[in-house]
Amino acid sequence: MGATFGKYIWSNGEFIKWEDANIHIMSHVIHYGSSVFEGIRAYDTHIGPAVYRLNDHIKRLHDSAKIYRMDVSWTVDEISQTCIETVKKNEFGACYIRPVVIRGFGTFGVNPFDNPIETYIATWEWGAYLGRDALENGVDVCFSTWGRIAPNTLPALAKTGANYMNSQLIKMEAIVNGYSEGIALDNQGFISEGSGENIFVIKNGVVMTPPLSSSILPGLTRDTVIYLLKELGYEVKEVIIPRETLFIADEAFFTGTAAEITPIRSVDKIQIGSGKRGKITEQVQNAFFNIFKGKTKVPEDWLSPIK
Ligand SMILES: Cc1ncc(COP(=O)(O)O)c(C=O)c1O
């Protein structure tokens, strides 16, 4: 999937050119995975280009940093505003925004404390994450042989670079076996999430999604979808979900900033429901995309105009 990157990157208080945004090879992050980051989208909306749930993303960034004892030099409001400035500087409307906080180079060794905390923001234009027709026709996925990170190993609630080594194993295995995405189980063998998405499963009109205790990232799209489904009158249960529930589900879909709401049409070559986007999935997709047309009412601070 091609991307058009912005010409400028915000680097620790100033804009620098894309080609100058380099770090030293001995930076702590390169050797020990010490980064926390966010993935945020700006949409073209009824009020002009606007960033979706910006403040909530930056709060999660700060939470991830706090878990890893990283002191970020900028407040939630400052980073939020700077994300908007970065989109403007790059003359983008709809785009993807990536704030990342890393441990840079200070001294060498696992002990992270003597390395500087650095903050960067990059932006780029990106298409549909799981393929162009995925939003309409759904994706074929598999269960991964790799489990999701277990409690007391790496914290799943933090969005950190290191967690994505696990995601990469899940994604690579899925791709080499001909699937778009893999679903990992938690350390108890229950459904956790995709390599970069939360999952929802629907049976007999009841919508289920794994709870935070199933080693999931607390996705903001997941939160949006729970909100929208309740508004649409559906019951949403955050419950432990056995793997085989997916085989006999009527509908299933992924949620994520990149994946948005992507239907799942088969898992391990077993067709889910009719093998097409389900009715509830389509309803919640419409409600989601209607947020950006002003047709679905959501809390006002979910859209931050770029102006
Ligand atoms: C592992 C994982 N789970 C879930 C999500 C979905 O989170 P969000 O909806 O906040 O993008 C992501 C997306 O970044 C992810 O990487």
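The values are calculated or read from the model by the stated rules, or taken from the named source; none is laboratory data. This is a predicted model, so every value here is computed, not measured. Neighbour counts are summed over all protein chains in view; Cβ atoms, including those assigned to glycine, are modelled from backbone coordinates with ideal geometry.
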(request) Considering only the range 146-160, state which residues are within 11 Å of the ligand (Cβ to nearest atom) and not hydrophobic (A, V, I, L, M, F, W, C). (result) ARG148, LYS159, THR160
(request) Take the range 242-262 and flag every residue that is assigned to a strand (DSSP E or B) and more than 16 Å from the ligand (Cβ to nearest atom). (result) PRO242, GLU251
(request) Kindly indicate the residue of the range 132-148 that is farther than 14 Å from ALA252 by Cα and more than 16 Å from the chain's Cα centre (by Cα) and also surrounded by the most Cβ atoms within 10 Å (Cβ to Cβ) among those meeting that condition. (result) SER144
(request) Identify the residue in the range 172-195 that is under 26 Å from TYR227 (Cβ atoms) and not small (Gly, Ala, Ser) and, among all such residues, is nearest to the ligand (Cβ to nearest atom). (result) GLU193
(message) Just to be sure I understand the filter: pairs with C-beta atoms under 7 Å, separated by 6 or more residues or on different chains, first member in the range 63-79 and without any contact (Cβ under 8 Å) to a residue 40 or more places away in the chain, second member assigned to a helix (DSSP H, G or I) and surrounded by 13 or more Cβ atoms within 10 Å (Cβ to Cβ). Which pairs pass?
(response) VAL76/ASN55; VAL76/ILE58; VAL76/LYS59; VAL76/HIS62
(message) Here's a check for you: in the range 263-307, which residue that is part of a strand (DSSP E or B) and among the hydrophobic types (A, V, I, L, M, F, W, C) is farthest from ILE248 (Cα to Cα)?
(response) LEU303
(request) May I ask you to list the residues in the range 168-182 that are touching a residue at least 12 places away in the same chain (Cβ under 8 Å), in a helix (DSSP H, G or I) and not basic (Lys, Arg)? (result) GLN168, LEU169, ILE170, GLU173, ALA174
(request) Would you check which residues across the range 196-216 are of a type outside the set (Val, Ile, Thr), buried (at least 23 other Cβ atoms within 10 Å of the Cβ) and near the ligand (Cβ under 7 Å from one of its atoms) and list them? (result) GLU197, ASN198
(message) Looking at the range 133-167 only, could you name the residues that are in contact with a Leu (Cβ under 8 Å, 6 or more places away or on another chain), under 26 Å from THR119 (Cα atoms) and in a loop (DSSP other than H, G, I, E, B)?
(response) ALA156, LEU157, LYS159, ALA162
(message) Just to be sure I understand, how many residues within the range 232-269 are touching a residue at least 60 places away in the same chain (Cβ under 8 Å) and small (Gly, Ala, Ser)?
(response) 4
(request) Could you run through the range 102-141 and say how many residues are within 30 Å of GLN283 (Cβ to Cβ), modelled with pLDDT of 95 or more and among the acidic types (Asp, Glu)? (result) 1
